[in-house]
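The values are calculated or read from the model by the stated rules, or taken from the named source; none is laboratory data. Keep in mind that this is a model prediction, so the values were computed, not measured. Note that each Cβ is placed from the backbone with ideal geometry, even for glycine, and that neighbours are counted across all protein chains shown. Protein only, heavy atoms only, side chains kept; ligands, DNA and RNA dropped before computing areas. Shrake-Rupley method; radii C 1.70, N 1.55, O 1.52, S 1.80 Å.
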Amino acid sequence: MHREGHHRPYWHDQVRDRLLQPLGLRHTYHPGDSPAVRKPHARGYQRFGTKPKLVDVTLYEDPNASGGLIGTTADLNRFFRDLLGGKVLKPAQLREMKRTVPLNDEFQVPYPGARYGLGLLKTGLPCGGWSWGHGGDEIGYMSRNAVSDDGRVAVTASMSTGWATSVEDTLRQHRAGMRLVANALCREGG
C-alpha cells in the first residue's frame with residue numbers, strides 16, 4: 001500500500017546502497033536522466049554500415065542497456081574479485097551461481113567449451129583451469145573480463161568497437177579481447 005510521502009527506492013538506489021557503497025565501488029553509478037558521463041572516461045566510436053566515418057557515440061544512452069550502470073574497469077575488477085572471493089554472497093548462493101550448464105551451439109562459436117551459470121560465464125584458460133566473468137557490449141564499446149576461481153585476480157579490457165563493420169570483425173575483436181584477458185589472468189597467477 002502506498003502512503004503519502006513514502007516511495008519505494010528505485011532498483012539503482014538498492015544497488016548503490018547494498019552493493020556499490022559497501023564494496024567501495026566509488027566510480028560505478030546510475031546516470032539517471034543525464035546523458036553526461038563522468039570524467040575521465042573512455043570514448044566510444046562506431047561505424048554504421050560500411051561507411052568509413054567513425055561516429056562518437058560516447059553520449060549515446062539506452063536506459064535499458066547493461067542495467068543502465070556506468071563504471072570503470074577498476075571497479076569491475078574489484079566487484080569480480082569480491083564476488084568470487086566470497087564478500088558479496090553467502091557460500092551457498094555463490095555455489096549456486098557457479099553451477100553451470102553448457103552453452104547452446106550458437107554461443108559455442110564465440111565461447112567454445114564455455115559454460116554458463118547464474119550471470120557468470122565459465123571459460124577455459126590457456127594455462128589450464130577456468131576463469132569466470134561476464135563481459136558486455138554496448139554501442140561503441142565492448143568489455144571482456146576474467147576472474148580467477150578464488151577471486152584473487154581479475155582482469156577487464158574495455159575496447160571501442162568503432163572499427164568493426166561486420167559480424168566477422170566483431171567476432172575477431174571479441175576473440176582478441178578474450179585472449180587478452182585470459183593471458184593476463186594466467187600471467188598474474190589466475
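Within the chain, which is the longest segment that contains none of the trypsin sites (Lys or Arg not before Pro) sitting in a DSSP loop with at most 15 other Cβ atoms within 10 Å?
100-151
Toward the positive end of the charge dipole of the chain, about the Cα centre and with charges on Cβ (Lys, Arg +1; Asp, Glu -1), which of Phe107, Ala157, Ser34 goes farthest?
Going by the Cα projections, it comes out as Ala157.
In a shell of Cβ-Cβ distance under 13 Å around Trp163, excluding Trp163 itself, what net charge do Lys and Arg (+1) and Asp and Glu (-1) give?
+2
Under 5 Å between amide hydrogens, which residues at least 5 positions from Leu103 or on another chain qualify, with H placed 1.01 Å from N in the peptide plane?
When sequence neighbours closer than 5 places are left aside, the close amide H contacts are Tyr116.
Send over the semi-axes of segment 22-115's equivalent ellipsoid, whole angstrom and largest first, taken as the square roots of 5 times the C-alpha gyration tensor eigenvalues.
Equivalent ellipsoid semi-axes, largest first: 30, 23, 11 Å.
Using the Cα atoms as the points, what is the convex hull volume per residue of segment 63-128 in Å³?
138 Å³
How high is the FRET efficiency between Gln21 and Ser166 when r is their beta carbon distance and R₀ equals 45 Å, given to the nearest 0.05?
0.60
Roughly speaking, what is the stretch gain from Thr50 to Asp150, that is 0.36 nm per residue apart minus the C-alpha to C-alpha distance, in nm to one decimal?
This chain segment gains 31.6 nm when fully extended.
With 5 Å bins from zero, work out the P(r) of the chain over every alpha carbon pair and list the percent per bin.
The percentages, shortest bin first, are 1, 7, 13, 17, 19, 17, 13, 7, 3, 2, 1, 0.
Probe radius 1.4 Å, ligands and nucleic acids ignored: give me the carbon and sulfur share of the accessible area of segment 34-139 as a rounded percent.
For segment 34-139, the apolar C and S fraction of the accessible surface comes to 58 percent.
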